[in-house]
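First comes the structure, then the notes that go with it.
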Amino acid sequence: MNKTTLFRISFFVVISLCIVSCGAKYTSDDFSRDKNESRVITTASTPSLKKLVDSLKINKNLLLINIYKSLYKMDIVYDKKVIKTYPVVFGFNPFDDKLKQGDGCTPEGEFGIRAKYPHSSWSKFIWIDYPNKASWEKHAKAKKDGTISKKATIGGEVGIHGVPAGYDYIIDEKQNWTLGCISLKNKDIDDLYESIGTKTRILIFH
């Protein structure tokens with residue numbers, strides 16, 4: 001038995017124990033980068049992501065963050081399995097893809113992480129690399145076809161962060177309050193912040 005096989009067996013054993021002890025369940029669907037095909041764990045009683053990462057000795061950079069705007073959720077994926085889910089909210093226009101500064105939209109697509117740092121108002125801030133090449137291409141096309149003004153700027157400073165102290169309830173109530181960022185409860189952003197690497201990839205779906 002090689003090391004890869006041994007690790008996979010250990011992974012399934014630990015996750016299974018976590019699920020049994022916490023009352024969570026998987027579906028039998030195969031994973032892909034689509035909201036209908038991810039294996040899902042119910043989240044309210046699952047262990048913290050940090051506990052899972054530490055106990056399984058997961059390489060933080062190999063985690064994948066899948067964000068589903070229409071479902072108000074963020075899945076943390078490892079080895080093609082969802083190991084943690086957080087409720088999230090978005091910009092004040094949660095329906096459309098971000099094309100310009102000030103549209104209140106959360107960008108869709110694949111992104112990396114530019115930086116991670118504490119935030120005085122929202123606990124932590126995980127800065128994503130919007131605008132990236134694909135973002136610029138969408139922006140240029142929208143100008144060309146007249147969807148946005150030719151004078152529009154693309155914007156930036158989009159990230160994942162918490163909420164002002166005492167405002168966790170706006171996540172439960174699905175209040176889309178940001179200018180385009182993804183917002184979590186403060187305990188959740190703290191957990192996420194400690195558990196991911198600087199090379200973790202982020203996929204944002206409608």
Residues of region 91-121 classified as in contact with a strand residue (DSSP E or B) (Cβ under 6 Å, 6 or more places away or on another chain), hydrophobic (A, V, I, L, M, F, W, C) and either surrounded by fewer than 20 Cβ atoms within 10 Å (Cβ to Cβ) or within 11 Å of I182 (Cβ to Cβ) (or both), total: 2
Residues within region 180-199 that are touching a strand residue (DSSP E or B) at 6+ places or on another chain (Cβ under 6 Å) and part of a loop (DSSP other than H, G, I, E, B), tallied: 4
Residues of region 149-162 satisfying the condition of being crowded, with 18+ Cβ neighbours inside 10 Å and either of a type in the set (V, I, T) or free of Cβ contacts under 8 Å to residues at least 12 places away in the same chain (or both): I154, V158, I160
Residues of region 161-206 classified as over 24 Å from P131 (Cα atoms) and not charged (D, E, K, R), total: 10
Scan of region 83-134 for residues that are among the acidic types (D, E) and without any contact (Cβ under 8 Å) to a residue 60 or more places away in the chain, ordered by number: D96, D129
Region 110-159, subset assigned to a loop (DSSP other than H, G, I, E, B) and charged (D, E, K, R), residue nearest to F90 (Cα to Cα): E157
Test: K185 is crowded, with 18+ Cβ neighbours inside 10 Å and over 19 Å from D96 (Cα atoms): yes
Qualifying residue in region 79-87 (condition: of a type in the set (S, T, Y), assigned to a helix (DSSP H, G or I) and either farther than 19 Å from G197 by Cβ or modelled with pLDDT of 95 or more (or both)): no
Flag for G166 being surrounded by fewer than 13 Cβ atoms within 10 Å (Cβ to Cβ), small (G, A, S) and either over 16 Å from the mean Cα position of the chain (by Cα) or modelled with pLDDT under 95 (or both): yes
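The values are calculated or read from the model by the stated rules, or taken from the named source; none is laboratory data. Since we're looking at a predicted model, the values are computed, not measured. Glycine gets a Cβ as well: all are built from the backbone with ideal geometry, and neighbour counts include every protein chain shown.
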